[in-house]
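Enquirer: Just dropping this structure here.
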Amino acid sequence: MTYDLLVYNIGQLILPKCSSKPLKGDEMKELLVKEKAAFAISDGKVAWIGSDGDAQHLTARETVNVQGKVVSPGLVDPHTHLVFGGSREHELALKQAGVPYLEILARGGGILSSVEATKKATLEELMMKASFHLERMISFGVTAVEAKSGYGLDRETELKQLRVTKQLQERYPVQLVSTFLGAHAVPSGYKGSEALFLDEMIDLLDEIKEEQLAEYVDIFCETGVFTLDQSRNFLRKALDKGFGIKIHADEIDPLGGTELAASLGAASADHLVAASDHGINSLSESETVAVLLPGTTFYLGKDHYARAREMIDGGAAVALATDFNPGSCVTENLQLIMSLAALKLKMTAEEIWNAVTVNAAFAIGKGTEAGTLEPGKQADFVIWDVPNYLYIPYHYGVNHAEQVYCKGNKLWERAAYGAVQLS
C-alpha cells in the first residue's frame with residue numbers, strides 16, 4: 001500500500017487516550033507518549049501509527065522528517081468570541097487606574113462598546129477581522145475552534161455574527177463550531193425586562209436552525225446578567241429545539257450554574273471560578289466538561305483561579321480555552337493558556353495536554369473527530385520545535401509550533417530561521 005503522507009523520525013508522539021467520552025479524574029493524568037514514532041496518512045485521515053523502525057518498510061507519495069521533534073494532535077480551543085467589531089485598548093488605562101467596570105460601562109465602554117462596533121461593522125469587515133484572528137490561532141497549533149456570537153444582542157447583528165462564522169467554516173479547513181450567545185448581556189433598553197429579551201433570543205432559534213448557523217446555545221448566568229431560573233428556562237427551550245447547550249457559569253458568584261449544566265447534560269460549563277463544592281461534585285457525576293479560562297482571570301488581575309485541582313481530583317473532566325475576546329482576554333495563544341494552567345491551576349503537563357486536545361474536543365461536540373490521533377480519524381496535527389512534551393507549559397509566552405497540518409495538508413509553517421536579519 002502507498003500512503004499519501006508519512007511522518008517519521010518523531011522524537012515524541014503525543015497520543016491522548018481515545019475514548020467515547022471525556023477523560024475524567026485520574027484518566028486525565030494518563031498520557032501515552034510514544035518515542036521514536038511515525039504515522040501515515042491516506043485521504044486526509046490517519047491510516048497507520050507505529051515505530052520509526054517499522055516506518056522504514058512503508059511507502060508514501062510524500063514524507064516529512066520531523067528530525068526528532070514532538071508531534072501532537074491539533075489543539076482545540078473550546079471557548080472563543082471570535083467574531084466582533086472594534087477593540088478596547090483604550091479601556092486598559094482606566095482599568096489600571098482602578099475605574100470600576102460599571103463606570104467604564106456608563107462611559108460607553110465595556111461590552112456595550114463592542115456591541116456598538118459590531119453593529120456598525122459590515123459582514124465583510126467582520127469576516128476580514130475574524131479571519132485575521134483565526135489564522136493567528138492556527139499559527140499557535142489550533143485546528144478546532146468554538147466561536148460564539150453575543151456582541152449583537154439583537155436579531156440583525158447576532159445573525160450577522162453567526163453568518164460570518166458559517167463563512168469561515170466554508171473558507172478554512174479547520175473544524176469551526178458555532179455557538180449562539182445572544183444571551184450574553186442585558187441590553188440597556190431591557191433592564192427590568194430580561195424575560196422579554198430572552199424570549200426574543202429564543203424566537204431567533206428557528207431561523208438559526210433553518211440556516212444551520214449554530215450547533216450550540218449559550219447563556220451568561222451571573223449576578224447582574226441572567227438568573228439561574230432564567231438560564232434554566234432558556235436552555236431547556238434551546239434543547240427542545242434541538243440545539244446542544246453550554247453555559248457561562250459561576251464566574252463571579254456561585255449561583256448554581258455549574259449544577260444546572262450538569263443536570264441538563266450541557267456539553268460544557270465555562271469559567272467556574274466561583275463554582276461551589278456541590279457544583280464540582282455534580283460535574284464529577286456527569287459528562288459535562290468544565291472549560292476553564294485562566295487567561296481571563298490573569299488579564300482581569302484576579303487572585304482566585306478556578307479550582308482545577310479539586311475538579312480533577314474529584315473526578316471531573318476539565319478542558320482549557322483562551323476565551324479570546326476584546327474585553328477580558330485578548331489573546332489567541334492557547335500555548336500561553338497551557339502555561340497559566342501549570343502555574344496558576346497547578347495542573348500537570350499530562351493533564352494540560354488532555355485538556356487542550358481530547359477533552360476540549362468533547363466540550364464542543366467533536367470528540368469523535370478531533371483531539372486525538374488514531375487510525376480512521378482526521379489527520380490534524382502539529383510539529384513542535386521543542387525537545388519534549390513537558391517543554392511547552394514550561395517555556396511560556398512564545399510560539400513553539402513549527403508546522404500545523406489539517407486533514408494531512410500543511411496549513412501553516414513558521415518562517416525559517418534566518419528570515420530576520422540580525423545586526
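Enquirer: How many residues, within segment 165-186, are under 30 Å from LYS407 (Cα atoms) and either modelled with pLDDT under 95 or among the polar types (S, T, N, Q) (or both)?
Expert: Number of matching residues: 6.
Enquirer: Residue check: is GLY189 more than 30 Å from SER139 (Cα to Cα), at pLDDT below 95, surrounded by fewer than 18 Cβ atoms within 10 Å (Cβ to Cβ) and small (Gly, Ala, Ser)?
Expert: yes
Enquirer: Could we say that THR258 is in contact with a Lys or Arg (Cβ under 6 Å, 6 or more places away or on another chain) and surrounded by 24 or more Cβ atoms within 10 Å (Cβ to Cβ) here?
Expert: No; evaluated as a whole, the condition is false for this residue.
Enquirer: Determine whether ALA342 is within 19 Å of the chain's Cα centre (by Cα) and buried (at least 23 other Cβ atoms within 10 Å of the Cβ).
Expert: Considered against the rule, which asks whether it is within 19 Å of the chain's Cα centre (by Cα) and buried (at least 23 other Cβ atoms within 10 Å of the Cβ), ALA342 comes out as no.
Enquirer: Right, another one. For the subset of segment 339-359 comprising residues that are in contact with a Leu (Cβ under 7 Å, 6 or more places away or on another chain) and not β-branched (Val, Ile, Thr), which member is nearest to LEU390 (Cα to Cα)?
Expert: Ranking the qualifying residues of segment 339-359, first place goes to ALA349.
Enquirer: Turning to a different aspect of this structure: For LEU105, only one of the following conditions fails: (1) hydrophobic (A, V, I, L, M, F, W, C); (2) touching a Ser or Thr at 6+ places or on another chain (Cβ under 9 Å); (3) closer than 28 Å to HIS400 by Cβ. What is its number?
Expert: LEU105 satisfies all of (1) hydrophobic (A, V, I, L, M, F, W, C); (2) touching a Ser or Thr at 6+ places or on another chain (Cβ under 9 Å); (3) closer than 28 Å to HIS400 by Cβ except (3).
Enquirer: Could you tell me which numbered condition ASP253 fails, if it satisfies all but one of (1) modelled with pLDDT of 95 or more; (2) assigned to a loop (DSSP other than H, G, I, E, B)?
Expert: Answer for ASP253: the failing condition is (1).
Enquirer: Based on what the data block shows, is PHE324 within 25 Å of ALA266 (Cα to Cα), among the aromatic types (Phe, Trp, Tyr) and touching a residue at least 24 places away in the same chain (Cβ under 8 Å)?
Expert: Here the answer is yes, as PHE324 does meet what is asked.
Enquirer: Return the pair list, or none, for Cβ contacts closer than 7 Å from residues in segment 282-298 that are buried (at least 24 other Cβ atoms within 10 Å of the Cβ) to residues that are among the hydroxyl-bearing types (Ser, Thr, Tyr), at least 6 apart or on different chains.
Expert: So the pair list comes out as LEU283/THR258; THR288/SER268; VAL289/SER268; VAL291/SER268; PRO294/TYR305; GLY295/THR322; GLY295/THR331; THR296/SER328.
Enquirer: Quick one: is SER263 under 23 Å from the mean Cα position of the chain (by Cα), surrounded by fewer than 24 Cβ atoms within 10 Å (Cβ to Cβ) and in contact (Cβ under 8 Å) with a residue 40 or more places away in the chain?
Expert: So SER263 fails the test.
Enquirer: So, one more: Since MET311 meets every condition but one in (1) out of contact with any strand residue (DSSP E or B) (no Cβ under 7 Å at 6 or more places or on another chain); (2) assigned to a helix (DSSP H, G or I); (3) more than 30 Å from ASP199 (Cβ to Cβ); (4) not β-branched (Val, Ile, Thr), which condition does it not meet?
Expert: (1) is the only condition that MET311 fails.
Enquirer: Collect the residues in segment 48-98 that are surrounded by 24 or more Cβ atoms within 10 Å (Cβ to Cβ), under 23 Å from GLN403 (Cα atoms) and of a type in the set (A, V, I, L, M, F, W, C), keeping them in residue-number order.
Expert: If the condition is that a residue be surrounded by 24 or more Cβ atoms within 10 Å (Cβ to Cβ), under 23 Å from GLN403 (Cα atoms) and of a type in the set (A, V, I, L, M, F, W, C), then VAL70, VAL71, LEU75, VAL76, LEU82 are the ones that fit.
Enquirer: Could you list, in sequence order, the residues of segment 345-390 that are part of a helix (DSSP H, G or I) and either buried (at least 24 other Cβ atoms within 10 Å of the Cβ) or without any contact (Cβ under 8 Å) to a residue 40 or more places away in the chain (or both)?
Expert: Passing the criteria: GLU351, ILE352, TRP353, ASN354, ALA355, VAL358, ASN359, ALA360, ALA361, PHE362, ALA363.
Enquirer: Would you please list the contacts, defined by Cβ atoms under 9 Å and residues six or more apart or on different chains, that run from a residue in segment 1-29 that is surrounded by fewer than 21 Cβ atoms within 10 Å (Cβ to Cβ) and of a type in the set (Asp, Glu) to a residue that is assigned to a helix (DSSP H, G or I) and modelled with pLDDT of 95 or more?
Expert: ASP26/ILE312; ASP26/ASP313; GLU27/ASN354
Enquirer: Turning to a different aspect of this structure: When THR331 is evaluated against the numbered criteria (1) crowded, with 24+ Cβ neighbours inside 10 Å; (2) hydroxyl-bearing (Ser, Thr, Tyr); (3) free of Cβ contacts under 8 Å to residues at least 40 places away in the same chain, which criterion, by number, is the only one it fails?
Expert: Only one criterion is unmet by THR331, namely (1).
Enquirer: Here is a follow-up. Under 6 Å between Cβ atoms, at least 6 apart or on separate chains: pull out the pairs that start in segment 211-222 with a residue that is over 14 Å from GLY150 (Cα atoms) and touching a residue at least 24 places away in the same chain (Cβ under 8 Å) and end on any residue that is of a type outside the set (Ser, Thr, Tyr) and crowded, with 21+ Cβ neighbours inside 10 Å.
Expert: What qualifies is GLU215/VAL177; GLU222/GLU251.
The values are calculated or read from the model by the stated rules, or taken from the named source; none is laboratory data. Just so it is clear, the structure is predicted and the values come from calculations on it, not from any experiment. Here the Cβ is made from the backbone with ideal geometry for all residues, glycine too, and neighbour counts use every protein chain on show.
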